[in-house]
Structure formats: C-alpha cells, structure tokens
1. If A:Glu103, A:Glu133 are ordered by their accessible area, calculated over protein heavy atoms with a 1.4 Å probe, which sequence runs from highest to lowest?
2. Enter the accessible area of B:Val30 (Å², nearest 10), with the probe set to 1.4 Å and all protein chains included.
3. Using the 2.2 N^0.38 Å rule of thumb for compact globular proteins, work out how chain B stacks up: its C-alpha Rg over that value, please.
4. Give the angle, between 0 and 90 degrees and rounded to the nearest 10, that separates the Cα long axis of helix B:99-121 from the longest principal axis of the Cα atoms of chain B.
5. If you count, for every residue in A:197-207, the Cβ atoms of partner chains within 10 Å of its Cβ, what is the mean?
6. Residues of segment A:158-175 with accessible area at least 30 Å² lower in the all-protein-chain context than alone (1.4 Å probe)?
7. Give A:Lys41/B:Lys222; B:Lys80/B:Lys245; B:Lys95/B:Lys245; A:Lys222/B:Lys245 a once-over and call out the pairs whose C-alpha atoms are over 31 Å from each other.
8. What is the helix-to-structure angle for B:68-81, meaning the angle in degrees between its Cα long axis and the longest Cα principal axis of chain B, kept from 0 to 90 and rounded to the nearest 10?
Protein chains: 2
Amino acid sequence: MIDSVALFSTILSVLLMALPDTLTEIKKPVGLGAQIAETLKIAILEGEFRGGEQLGEHDLQNRFGVSRSPLREAFRELEKLGLIEIIPRRGSFVKRISRYDIEENFPIRAALEGLAAQLAVQKISDETLARMEKALDLMGRAVAAKNINSYYSHHLRFHELFIDSAGNELLKTTLQNLRMQSLWHRFSYQYYQEDLEKSYRVHQEIMQCFQSRDTDPEYLRKLVEHHINMALDSFLHYLEAFERKEGA
Amino acid sequence: MIDSVALFSTILSVLLMALPDTLTEIKKPVGLGAQIAETLKIAILEGEFRGGEQLGEHDLQNRFGVSRSPLREAFRELEKLGLIEIIPRRGSFVKRISRYDIEENFPIRAALEGLAAQLAVQKISDETLARMEKALDLMGRAVAAKNINSYYSHHLRFHELFIDSAGNELLKTTLQNLRMQSLWHRFSYQYYQEDLEKSYRVHQEIMQCFQSRDTDPEYLRKLVEHHINMALDSFLHYLEAFERKEGA
DNA sequence: GATCATACTATTGTCGACAATTCTACCACG
DNA sequence: CGTGGTAGAATTGTCGACAATAGTATGATC
C-alpha cells in the first residue's frame, strides 16, 4: 500500500502552493481567520477530522490560542470551500463524503473542464503548450516508474494549465473548488488506484488536440469531459466491487 | 420604459420564494446574520448600493441596530453569493459588475444548464413536465400581452423545474448562484429588453424535446446551452451599440 | 510649490463576557 | 420498562470594548 502521508504532502503541495507564474505578487497580509482556515483545511484534507465530526469552538480556541471570532470566520471560509457544514445553533461539522457526493461532483467538473479546454484551445500560448508538454512528459515518466505521487502531481498541473488558459476567472475559481473537493473524495477512499497507463494515453490524445492547429474545439471538449466521466465510472465500479466484498 | 421596481418585486419574489413543493418543511430558525444577509441581498439586487461602494460596519450597525458580529457573518454570506468582495483590513465592497462579469458568467451557466437538461430528460416526472408546460403557457400569454414582468417570472420557473429534476444538489446550488448573479447583471443594465418572441419559440422547442420519448439527450443539451449563449450574444450586441452611442 | 514625515481619525480585527439555545442526564409518572 | 418533563451542562449567538491597521490631513523641509 502506498504511503498516504507522503502522497498527501506531495499532492497538497502542488494543489495548495501559489502558482509559479504569480511569484511576483507580494504575499497578501491575512488575518488570523484566514491562517486558521488554511490550517484546518489541510487538517481536514489529511483526515485528522472524521466526517460528521463537530468542530467545537471551545476546543479549537484552546488549540490555536485565539478567541472565537477568527474561528468563526475560518468556519465560514471552510463552508465556502465545501469542507464543512454550518448548522445554525448546532455547530460546524466536517462534511460526510459519500459516493453520492462524488457522483454529483464529477459530472459538473467534467462539463466545466471540457468547457475550459474548448475555450483554451483557441487562445493558448506556445509557452503554456510547452509547459503542458513538460507536465505530460513527467506524467509519462511517473507511469514508467509506477510513481503514483508524481503522476497525480503533474496530472493536476496539466489540467491547471489549460484551465488557466481559458481566460475565465469565474470558471477557474469554480473549478478550483470542485477539484479540491474531488481530491478530498479521492483520499477518503485512498485504497483506489487509477489505471495510470490508460489515463496517460488519454492525456496524450488531449495534448495532441491542443497542439494541432485544426482541432475541432467541440471534439476536444467532448474528449476532456468524457475522460473525467470515465474516471468516475472506473472509480464507482471499483467502489461497487469493494462494497460488495465488504458487505459479504 | 418598464417599471423597474415592480419588475424587481415580481422577479425577486419568484427567485427568492421558498419552493412550493417544500411547504411541508418547517421554517428553519436563523440568526440575525442570516436575516441581515437576506435584507442586504435584496438591497444590493435592487441597486440601493452602488458598485464599488463600501459597506461600512458602523453605518450598518446603526441601520440594523445590532452589533458587528452578525454583520460580519452577513458579509461572509454575501461574499459566498458573489455580491460583495471582502478585502482584508480594508472592508467589504459591493462588486462592480462589468460586461466581463457577464461574459464570464453566461458560458458557465449555459454549460451547466445544458448538463442539467441532459440529466433531467431521462428521469423527469410527468408531473414536472405538466408544470413546465403550464409555465410555458404562461410565458406565451406574457408574450402576447407584452408583459415582461410575467415573462421573466415564468421563464425563471421553467428553468428551475428541469434543473431540479436533474437530481444533482451540487449542480442545483451552483446554478442558483450563477442565476442570481445573472439576474443582478441584467438589472444593472435594465435598459436592455430581450426579444421575447424569439426566446419563447426556443423554449417551445425545448419543451418538445422534454416531452418526446425518443429525444437525443445530447441534442437537448446543446439546445439549452446554445439558447443561453445566444442570449449572451444578443445582450453583448445590444451593449456594444449602446456603448458606441454613449461614447460618441 | 512639491514631497515626505508625522499625528490624527476612521475602520476593521480581536477579545472576553453575557445571553439564548440546544443537548444530556436524571427523575417522576404511567 | 418506557415515556415525558425538568434541571443542569455544554455550545453557539450576540454584544461592547480595546487593539491594530489603513486612510487622511497637517506641517516641515528642500
């Protein structure tokens, strides 16, 4: 079995790190609430808190040594990310993730990533294409080395590159949330391992579409969308077999 | 020119009212924060606050007669809805809406409503179909009577019905946000009036697709998506002409 | 007269305390 | 033994005050 903690740190670092392109930006000064939200976000993604568990304000007050005001702000932030659920006068609870959440998330993400690809293919820069190719190359090496950590990292980067190139900020932020939730789901069922070779071949095809000058944007869109929906199918199929075995 | 206030109350009532189907639910007890958020939401949609205007905590404290805690919670809620922007240590500002916001919003909404239609067509109930037909009928009467208020109301309801039928809660809530923003955009440029007849004809076609037993879901999806993107084109075209006239 | 430093004001950030509500354990009653 | 009610504890909701920061106006210096 893979080392889940190492896998986390690798992928989380890719997902959470500031984009290399925006290194010129000065770090924005944020308050306690944002810092706590970031800490809790990682803690939840890493599985420190179980689904359904209540995030008591008193406990966290002791843990972080701050008052409840910034804590409550952090809760709002986490709710916006879809990681917790705030029930008035009851408290804040880490979301339970079920297969239904995954079934709801993937088709939306598929549709929007497909849209992003369609929008991006007409305006993507040669520089970005080169970066995608580099990411794809690293994905290929990861497949050969059977290094799942590495594959996931570069796979995330690959998608991120063309999503950014779509030039639609609202689409980008919407997808960031969906992708983060998706990652969370994946790690909640970490026993599942994708068929890396198959995934890699599809991304090769996607790359070729981006590079070709006379690509039909509609076709590329369908290709990307289908690829994500297939990943869902594969995952659900695996899950079904697992649950059948478990239930017996 | 149409009476914008009356139009507001009509459309907002449709958009904001609890679904008739959920009348059995007991009203959820909400705190001051949620109430204030609701009030501010309507105030912003109605244009009481200008884009870029700061929502000072002190002023609103006097206006509502509450402390700053629930106010700050309301701000978080409004930020989640995309109506304001919170800049740390600076304050909360009503979002400036430009044509770019609209250009970003519509394609995403189009893609997701198309997806919703595709998902819905295979599982929609006869009861819901009847309701859609009723809404469509009322849309037709509104066109004949040139009653824009009425048309928008039933048009919103029509879309709401098949979105609900998709059976994907995440998709539903995501679209609710996008649709609310879209409505806000529309009212910010309230001089624009859609071609109701053309819109009505498209919806007739959509209705036929939903009713036919051998409809290609992919075709319906494209139809819905295209319809929304056409509305964007029409709007942008109008805006361009308006800006050219204004700029001269 | 322009620019930079500085004091002052206004606004947001954080805190601890009190109020309101919900949850829990216990007890009486059928 | 199960049910309903009540008192207590635990938790969230709200408040007013103080701290920290950003914005503004004033004045000194070149």
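The values are calculated or read from the model by the stated rules, or taken from the named source; none is laboratory data. Since we're looking at a predicted model, the values are computed, not measured. Positions of Cβ are backbone-derived with ideal geometry, glycine not excepted, and every protein chain shown enters the neighbour counts. Accessible surface areas use protein heavy atoms only, side chains included; no ligands, DNA or RNA. Shrake-Rupley method; radii C 1.70, N 1.55, O 1.52, S 1.80 Å.
1. Values: A:Glu103 60, A:Glu133 90 Å².
From most exposed to least exposed: A:Glu133, A:Glu103.
2. About 60 Å², rounded to the nearest 10.
3. Values: Rg = 19.3 Å, N = 248, 2.2 N^0.38 = 17.9 Å.
Here the Cα radius of gyration is 1.08 times the empirical estimate.
4. With both axes taken from Cα atoms, the answer is about 50 degrees.
5. Across A:197-207, the average partner-chain Cβ count within 10 Å equals 0.
6. Listed by number, the residues meeting the 30 Å² cut-off are A:Asn168, A:Leu170.
7. Exceeds cut-off: A:Lys41/B:Lys222; B:Lys80/B:Lys245; A:Lys222/B:Lys245.
8. Helix B:68-81 sits at roughly 30 degrees to that axis.
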